[in-house]
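One structure is given below, encoded as structure tokens.
The values are calculated or read from the model by the stated rules, or taken from the named source; none is laboratory data. What you see is a predicted model, and the numbers here were worked out from it, not measured in a lab. A quick note on method: Cβ atoms are made from the backbone with ideal geometry, for glycine too, and the neighbour counts reach across all protein chains shown.
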Amino acid sequence: MKRLLEPLAQIPGVRMALVVAHDGVPVVVKNVTDSGSDHSLEATLASETAESLSALAAGWLGEIERSIGPLSWNSPQRVVLRAARGSLVMTHAPGALLVVIADQRMSPEELRLPMEAAVARMQRLLRTAQDRGGRERPQVDPALPALFDPKGSASSNADTVS
Amino acid sequence: MSFVRRIFSGSRLRDLRQAVAEAPSPRTYASLAGEHARLGEMADAARVASEGLELFPGNGELSRLAERSRAIEAEGRTRELYRELRDAPRPAVWRELCEILTASGRLERAEECAQEWFNATGDGNAQLARGTARCERFFADKRRDDGRLALDLIAAAEKLLPRDQRPLRIKLALHMRIGAWNDARRTLGQLLEVEPGDAVLEAKFRTLSTMTDQTTTIEQALREVEKNGRLVDEESTPQDVSAAAGEIRPILKQMCNEPGVRAAVYVRGATALVQGPRGATAERTARAVREVVQRSRTAARRLGLGQAAEVTLEGDFGHLHVSPGEMGASALWSTRPPTARLRQELTELAALSGGPSKGEEA
């Protein structure tokens, strides 16, 4: 999933690219300062920043939705906030939000195509996963409870067939 | 630069100087400053542009040239200082670097540099430089956390630099700009202990003594600044309020005549001017724009992005383009993305210092 954001994070001027759940929890974070050593202090600080950024971005979108609600407008598909020291661009991704923080030198418009491409990649990945899941999973009534093996993990058809 | 090119550029400079002397105009000044800049003489370019600005104040081209030349000059000096720091780090170099970075608005880098300086020497001046940079950041972004941290850093600098008036002066500026009058008076008292008999400080102290009935704490004052996005000295004067009402409505009307535009809105405080929708829809549109502006301003500050400059919402409703200004904000709701010209007009409209008179005008 992190590789989906790789092309976005590599664009010069992009500081951070995140996939955020609608409740503000970061799902995937790609920071430009990301290195191999995940245990470094910088990585910890970056993850803390990402958490607060995600919460603030999702909170702001929620506030905007509430503000435009009386006009019977649906949730905006793309939101751009350009400010003195950078920009925040947010777009709806499947089941989540794609958020990019960019430098002030970068025009948010330059991010339109790369972000749409990232969303398309996510949709494709989800479709592939669903197709694969559909092929492998036995066709059972969804109303029935799932079967669990003795180890405690959900059983798949590959485990049960002898 | 080759000898031949030097001769040619020398004669060009002579001609341009003569042109400035014979017919001083923004164009001749700009040409001379531009020539100096082309030759890499940034100090001269800035000097000529400033001289031109004295004669033709407010000229955009000359202001841009002066600012740009100064920025390039500072950039060059910054590079030299970094080189010196690598070879022989010492407080004087750190101090100059911090000052240049703070003055050029690279506040994050200034703080990093001051932190490096403090780690290396434990100098109180380093802590003061950090505090100054954070203070500037607070003035720019109006974030409560920045204000708190700036005060902490200044307090640390005060401990390390006893009987030094610089930290006290910065603290006083911060207290006064957020409207924490009691604390400002206390700081003024401290300053008067260091600088007894200073007439300006004494006059300020007397003025503040009359304002101590306002018992706003620092925390309350910082919260208020973050909420409003405005410092006490940035409050608009009441006589400005109705000045530009007459010029705003025609601009909004003109915008609404553009193809695809559904509404043009100007909001300032509790007042709104709406062109396009009518009746209850106009009121709802104005309320929505006002809320989007307020939320976005706060979000930009909290996200550490600084002052919000532009907000765009795109969806099945079309495009809502909002331009928050210092005083008011303008917005355009259209079926297609607004053109660059319309966006520019919105920014100019939001930057107008005046605004409509009180009362909802929808």
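Of all residues assigned to region B:302-309, at least one qualifies as being touching a Gly at 6+ places or on another chain (Cβ under 7 Å) and either modelled with pLDDT under 90 or closer than 17 Å to residue A:107 by Cβ (or both). The helices (runs of 4 or more DSSP H) falling completely within region B:1-108 that include 3 or more residues that are among the hydroxyl-bearing types (Ser, Thr, Tyr) map to B:26-38, B:60-87. Listed conditions (1) away from chain A (no Cβ under 14 Å); (2) out of contact with any Phe, Trp or Tyr (no Cβ under 9 Å at 6 or more places or on another chain); (3) surrounded by 15 or more Cβ atoms within 10 Å (Cβ to Cβ); (4) among the polar types (S, T, N, Q) are all met by residue B:119, apart from (3).
Checking each residue in region B:191-231 for being under 28 Å from residue B:302 (Cα atoms), at pLDDT below 85 and assigned to a helix (DSSP H, G or I) picks out B:226, B:227, B:228.
Which residues, taken from region B:5-47, are farther than 14 Å from residue B:73 by Cα and aliphatic (A, V, I, L, M)? Once the filter is applied, which keeps residues that are farther than 14 Å from residue B:73 by Cα and aliphatic (A, V, I, L, M), region B:5-47 yields B:7, B:13, B:16, B:19, B:20, B:21, B:23, B:30, B:32. Residue by residue through region B:305-332, note down the ones that are within 7 Å of another protein chain (Cβ to nearest Cβ) and of a type outside the set (Asp, Glu). Answer for region B:305-332, where residues must be within 7 Å of another protein chain (Cβ to nearest Cβ) and of a type outside the set (Asp, Glu): B:305, B:306, B:307, B:308, B:309, B:311, B:312, B:313, B:315, B:317. Of the residues making up region B:308-349, those that are assigned to a helix (DSSP H, G or I), closer than 16 Å to residue B:275 by Cα and touching a Ser or Thr at 6+ places or on another chain (Cβ under 6 Å) are B:346, B:349.
Selection within region A:34-60: residues that are surrounded by 14 or more Cβ atoms within 10 Å (Cβ to Cβ) and in contact with a helix residue (DSSP H, G or I) (Cβ under 9 Å, 6 or more places away or on another chain). The member of this set that is modelled with the lowest pLDDT is A:34. Which one of B:67, B:111, B:116 is among the charged types (D, E, K, R) and farther than 30 Å from residue B:298 by Cβ? After applying the criteria, what remains is B:116. Applying the condition of being of a type outside the set (S, T, N, Q) and more than 7 Å from every other protein chain (Cβ to nearest Cβ) to region A:58-89 and asking which residue is farthest from the chain's Cα centre (by Cα) yields A:69.
Condition check for residue A:106 on (1) touching a residue at least 40 places away in the same chain (Cβ under 8 Å); (2) under 19 Å from residue A:23 (Cα atoms): one failure, at (2). Put simply, of B:347, B:281, B:298 the only residue that is closer than 26 Å to residue B:225 by Cα, free of Cβ contacts under 8 Å to residues at least 60 places away in the same chain, within 12 Å of chain A (Cβ to nearest Cβ) and among the polar types (S, T, N, Q) is B:347. Note on region A:6-33: among residues that are under 9 Å from the mean Cα position of the chain (by Cα) and closer than 22 Å to residue A:75 by Cβ, the one that is surrounded by the most Cβ atoms within 10 Å (Cβ to Cβ) is A:17.
Taking first residues from region A:3-25 that are in a helix (DSSP H, G or I) and partners that are of a type in the set (Gly, Ala, Ser) and crowded, with 21+ Cβ neighbours inside 10 Å, the Cβ contacts under 8 Å between residues at least 6 apart in sequence or on separate chains come to A:4/A:118; A:5/A:17; A:5/A:118; A:7/A:118; A:8/A:17; A:8/A:118; A:9/A:17. Please work out which residue is modelled with the highest pLDDT, limiting yourself to region B:312-339 and to residues that are surrounded by fewer than 17 Cβ atoms within 10 Å (Cβ to Cβ) and polar (S, T, N, Q). Within region B:312-339, the match that is modelled with the highest pLDDT is B:335.
Give the residue, chosen from A:82, A:124, A:112, that is among the charged types (D, E, K, R), modelled with pLDDT of 85 or more and part of a strand (DSSP E or B). Going through A:82, A:124, A:112 in turn, just one is among the charged types (D, E, K, R), modelled with pLDDT of 85 or more and part of a strand (DSSP E or B): A:82.
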